[in-house]
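Here is the structure we will look at.
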Amino acid sequence: MEKNSAAIARTPVGIERHGTTAAGTWRWAATLLAIAIAVALPFTLRNYHVFELTLVMIYAIAVLGLNILTGYNGQISLGHGGFFAAGAYTAAILMHRYGVPYWATLPPAGLICFVLGVLFGLPALRFEGPYLALVTLAMALATPQLLKYFDTWTGGQQGINLVKPVPPAGLGLSQDRWLYLIALLALLIAIRVATNMLNGRTGRAWVAIRDQPIAAAAMGIDTARYKTLAFGTSTLFTGVAGALSAIAIGYVSPESYSLFLSVSFLVGSAVGGISTIGGAIVGGFFIQFVPNFANDISDAAPWAIYGLAMLLCMYTMPHGVVGSVKPWLTRLAQRTAKRRSQNDGGRSP
Amino acid sequence: MHELLQQVFSGLAAGSIYASVALALVMIYRSTDLVNFAQGEMAMFSTYIAWTLVNAGLPFWAAFAITLIVSFAGGMLIERVLIRPVENAPVLAAVVVTIGLLLIFNSVAGWIYSYTVQDFPSPFPDRPLFHALITTRDLGVIAVTLIMLVLLFLFFRFTSTGLAMRAAAQNPASARLCGIRVGRMFAIGWGLAAAIGATAGIMVAPVLFLDPNMMGGVLLYAFAGALLGGITSPVGAVVGGLIVGVTENLVGTYLIASQLKLTVALALIILVLVFKPNGLFGTAIVRRV
């Protein structure tokens with residue numbers, strides 16, 4: 001068990017080092033540019049592609065939730081599809097039964113998933129490494145069964161059909177573009193919240209528990225509390241993503257939340273880089289587009305192609321795309337910074 | 001009372017299947033410290049190989065033997081080619097690789113053999129025995145499992161390869177210094193696991209019918225069994241698998257509807273881990289600070 005936690009620990013730690021003010025300004029400029037591009041993008045694309053990108057962002061939020069738990073706190077979950085389903089069904093039931101407007105379903109969905117996550121996180125305190133993976137795997141398998149069983153609430157096998165949200169009249173936006181903007185806003189908030197938490201006291205405690213649980217406890221970190229908090233925070237993100245997906249797709253049914261969804265999240269997380277925030281977006285793209293590519297390559301065995309893609313990613317980049325590229329970029333930036341300061345130093349006297 | 005005993009015996013038959021798969025899981029866990037999520041699909045694929053051979057006209061037991069050999073070689077090959085590169089990678093990479101294998105096996109089986117459900121011949125006639133307490137088929141399944149167990153025990157206890165494998169699993173570094181080819185031992189562990197899984201698949205296929213998704217539920221129960229017995233203990237895996245089989249059958253008959261079968265497995269796994277985290281026969285992991 002110790003070996004396993006140590007193995008997770010070897011992934012690069014994502015604590016950001018704030019460089020010089022110049023680097024800070026550049027970072028801000030790049031972020032603003034990226035946001036501007038993301039806002040402008042849907043107006044250059046067809047509605048269907050806009051919808052695909054909306055799903056990418058929703059998956060990215062879910063994967064971000066999983067990254068917090070698995071990447072930063074070292075708890076492997078194969079069951080986040082279950083929490084995604086819980087969020088989706090909360091939103092669906094609130095909208096369908098009680099006529100709650102779609103935007104108002106996100107907070108309760110997040111709250112319910114936070115509570116579920118904390119409840120699940122309590123027994124999970126005693127499980128480590130592969131054990132937790134097994135429990136959550138069992139949860140992922142049981143999710144569709146449970147959804148079918150409580151059919152008075154969930155509509156059973158048929159699921160629930162939802163009315164898609166109508167964009168505000170004055171803006172003249174199409175429905176897909178409006179949904180895209182909502183998802184983008186949610187993703188930006190999620191990234192901001194995650195960054196703040198992970199760079200702060202809580203995030204440092206999570207990383208400490210992941211890397212050296214015993215030392216962390218000895219330093220006075222309340223291991224149980226922080227691990228449960230990691231579980232709750234993680235499922236909150238995933239639950240909100242689930243609610244967004246129910247709103248965007250306009251339909252929930254038990255079969256959409258099979259084991260495969262949970263596996264996709266973990267794969268997206270691993271491919272993007274578990275201990276990174278940006279990796280979640282790469283993961284979102286992987287989840288949304290790789291199955292389609294696989295289908296294009298081979299009609300007969302698309303999941304074999306998907307599986308091969310997973311294997312290839314893990315062999316070439318065991319720390320994920322962002323996790324593998326980032327140290328390299330950081331080194332490059334440091335080298336340029338050093339060279340620049342040397343040049344400046346040479347010129348000033 | 002008679003009905004209860006009947007349920008217990010058919011639970012034992014199902015349990016011996018879970019026990020076999022659990023044993024395969026333990027085998028891999030002990031040698032390479034991995035949980036092999038593809039174990040069920042590997043067994044399913046082996047079963048399809050047996051099915052092809054039987055359909056080609058081979059007698060059942062000949063097909064069985066050939067399948068075991070092919071599975072053994074396949075398991076070794078998977079370890080050497082696919083698992084080895086992630087042996088020292090983060091644990092998540094290894095988990096993703098075995099899940100990738102699961103998808104590949106499932107998809108390739110569906111592609112070659114289609115997803116339609118196939119009949120699989122049973123080597124044992126389906127006749128009731130002892131006042132219908134147990135059928136000959138169930139008895140046959142239990143007997144095959146027991147024979148396999150005894151053979152494995154003899155192999156690990158009395159052969160030098162078995163001893164070398166135990167040494168490699170317990171302390172790879174020291175084993176290597178003694179001249180044991182640790183990598184090869186790990187590969188043999190995977191090969192054995194694949195062969196054990198194949199046996200389980202062939203035994204369960206006449207009951208569940210053969211299709212690419214056949215082993216999903218079985219794998220979950222096998223996990224529950226392995227955990228109950230303690231994931232490091234082969235004997236524990238067998239006992240755990242049997243207990244899970246009987247419990248599943250009794251709960252399914254007397255307590256709750258069968259559409260919540262997987263939920264029962266989930267509850268069982270959580271209960272075991274909360275109250276007996278090392279299982280019945282597992283050893284507690286002592287950590288040095």
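The values are calculated or read from the model by the stated rules, or taken from the named source; none is laboratory data. What you are looking at is a predicted structure, and each value in this text was computed from that prediction instead of being measured. FYI the Cβ positions are ideal-geometry reconstructions off the backbone, even for glycines, and counts take in every protein chain you see.
Within segment B:226-269, how many residues are under 17 Å from the mean Cα position of the chain (by Cα), aliphatic (A, V, I, L, M) and within 14 Å of chain A (Cβ to nearest Cβ)?
Number satisfying all stated conditions: 8.
What number of residues within segment B:92-112 are under 14 Å from B:Ile28 (Cβ atoms), in contact with an Asp or Glu (Cβ under 9 Å, 6 or more places away or on another chain) and either within 8 Å of chain A (Cβ to nearest Cβ) or not small (Gly, Ala, Ser) (or both)?
2
Those residues that are within 17 Å of A:Asn67 (Cα to Cα) and either surrounded by fewer than 21 Cβ atoms within 10 Å (Cβ to Cβ) or charged (D, E, K, R) (or both), I need them from segment A:306-320; list them, please.
Residue satisfying the conditions is A:Met317 alone.
Quick grid of which residues meet (1) β-branched (Val, Ile, Thr); (2) on the phi > 0 side of the Ramachandran plot; (3) in contact with a helix residue (DSSP H, G or I) (Cβ under 7 Å, 6 or more places away or on another chain); (4) away from every other protein chain (no Cβ under 14 Å):
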residue	(1), (2), (3), (4)
A:Ile93	yes, no, yes, yes
A:Arg97	no, no, no, yes
A:Thr105	yes, no, yes, yes
A:Ala109	no, no, yes, yes
A:Gly117	no, no, yes, yes
A:Pro123	no, no, yes, no
A:Leu134	no, no, yes, no
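So, in segment B:191-225, of the ones that are among the aromatic types (Phe, Trp, Tyr) and buried (at least 24 other Cβ atoms within 10 Å of the Cβ), which residue ends up farthest from the other protein chains (Cβ to nearest Cβ)?
Looking at residues that are among the aromatic types (Phe, Trp, Tyr) and buried (at least 24 other Cβ atoms within 10 Å of the Cβ), I get B:Tyr221.
Can you tell me which of A:Asp176, A:Asp211, A:Asp151 is touching a helix residue (DSSP H, G or I) at 6+ places or on another chain (Cβ under 7 Å), within 14 Å of chain B (Cβ to nearest Cβ) and acidic (Asp, Glu)?
The conditions single out A:Asp211.
Please state which one of B:Leu68, B:Leu82 is surrounded by fewer than 24 Cβ atoms within 10 Å (Cβ to Cβ), assigned to a helix (DSSP H, G or I), at negative phi and more than 11 Å from chain A (Cβ to nearest Cβ).
Going through B:Leu68, B:Leu82 in turn, just one is surrounded by fewer than 24 Cβ atoms within 10 Å (Cβ to Cβ), assigned to a helix (DSSP H, G or I), at negative phi and more than 11 Å from chain A (Cβ to nearest Cβ): B:Leu68.
Take B:Gly230 and tell me if it is without any contact (Cβ under 8 Å) to a residue 12 or more places away in the chain, in contact with a helix residue (DSSP H, G or I) (Cβ under 8 Å, 6 or more places away or on another chain) and of a type in the set (Gly, Ala, Ser).
No; evaluated as a whole, the condition is false for this residue.
So, of the residues in segment B:233-264 that are under 19 Å from A:Leu134 (Cα atoms) and at pLDDT below 75, which turns out to be surrounded by the most Cβ atoms within 10 Å (Cβ to Cβ)?
Among those that are under 19 Å from A:Leu134 (Cα atoms) and at pLDDT below 75, it is B:Leu262.
Could you check, for segment B:143-166, whether at least one of its residues is in contact with a Gly (Cβ under 7 Å, 6 or more places away or on another chain), modelled with pLDDT under 85 and within 14 Å of chain A (Cβ to nearest Cβ)?
There is no residue in segment B:143-166 that is in contact with a Gly (Cβ under 7 Å, 6 or more places away or on another chain), modelled with pLDDT under 85 and within 14 Å of chain A (Cβ to nearest Cβ).
Could you give every pair whose Cβ atoms fall below 7 Å, whose first residue belongs to segment B:29-46 and is within 11 Å of another protein chain (Cβ to nearest Cβ), and whose second residue is of a type in the set (D, E, K, R) and assigned to a helix (DSSP H, G or I), counting only separations of at least 6 or pairs across chains?
Taking only residues 6 or more apart or on different chains, the pairs are B:Asp33/A:Lys3.
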